[in-house]
Amino acid sequence: VSRRIRESLIKIGVPEEKIFTLPIYVDTKKFEQAEIKINLKEKYPQFDFIILLAVRLSREKNISLAVAAMLEVIKQYPRAGLIVVGSGQEAGKIINEIKNLKLSENIKVESWTDDLASYYKSADLFLLSSNYEGWGLAVVEAMAAGRPVVMTDVGCAGELVKHGETGLVVPVGEKAALSRAISEMSY
């Protein structure tokens, strides 16, 4: 699904003629033209800047990195909020981590919704903190909704999200770099 994966297969010896990169279809018009039915600014008026992370709550998505980065971001921007939308086996762990770090006022966890378009359109920034991705469909959807993106160097980073041009890309697992990128896009 990406040049990144194609190149990694070539590096391990798979012949180029056996590799087919298949595009992932996204109905971008759905996100470009969506009406805002659920407005995060109205739902969370305590936040001046809303960061959205919409993912499966699983280990590879490294939500712990996003939580740790927010600890630094709110020192500079106490009215910044992270909305985590998703479901998965890591939900309990993530909620406990947020409570233990005393971030419950700035980080809200919501169950998955089929109306992500409203969330994308009413957030100020889309965040992806994954350790790895095949592509990153949520990034494509967020960009179609007109949201700026901060993401780790996975999936469509370098192809769709070009650092400093169409978003900010930071090294995988680097909390300080992620915090700086979020802060740079804030306010």
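When a 1.4 Å probe is rolled over the protein heavy atoms, the share of accessible surface on the stretch 1-142 that falls to carbon and sulfur comes to 52 percent.
Looking at the chain, the DSSP beta bridges with both ends there are about 0 percent antiparallel.
A helix-only calculation puts the chain at -10000 deg cm²/dmol for mean residue ellipticity at 222 nm, using -39500 (n - 2.57) for each DSSP H run of at least four residues, averaged over all residues. Put simply, the amide H of Lys162, placed in the peptide plane, has neighbours under 5 Å in Gly167, leaving out anything fewer than 5 places away on its chain. Per residue, the Cα convex hull of the chain amounts to 120 Å³. Couplings 3J(HN,Hα) for the stretch 93-103, derived from phi with the Karplus relation 6.51 cos²θ - 1.76 cosθ + 1.60 (θ = phi - 60°), are 4, 5, 4, 5, 4, 4, 5, 4, 8, 6, 10 Hz, where x marks Gly and Pro. When the charge dipole of the stretch 38-187 is built from unit charges on Cβ atoms (+1 for Lys and Arg, -1 for Asp and Glu) and taken about the Cα centre, the candidate among Asn100, Met151, Val140 whose Cα reaches farthest toward its positive end is Asn100. With contacts taken as Cα pairs under 8 Å at a separation of at least 6 residues, the stretch 1-142 carries a relative contact order of 34 percent. Pairs spanning more than 27 Å between alpha-carbon atoms, out of Lys30/Lys162; Lys102/Lys162; Lys37/Lys175; Lys102/Lys175; Lys43/Lys102; Lys18/Lys61: Lys102/Lys162; Lys37/Lys175; Lys18/Lys61.
In debye, nearest 20: dipole of the stretch 1-123 around its Cα centre with unit charges on the Cβ of K, R (+) and D, E (-)?
220
The values are calculated or read from the model by the stated rules, or taken from the named source; none is laboratory data. None of these values were measured; they are calculated from a predicted model. Glycine gets a Cβ as well: all are built from the backbone with ideal geometry, and neighbour counts include every protein chain shown. Just the protein is used for accessible areas: all its heavy atoms, side chains included, with ligands, DNA and RNA removed. Shrake-Rupley method; radii C 1.70, N 1.55, O 1.52, S 1.80 Å.
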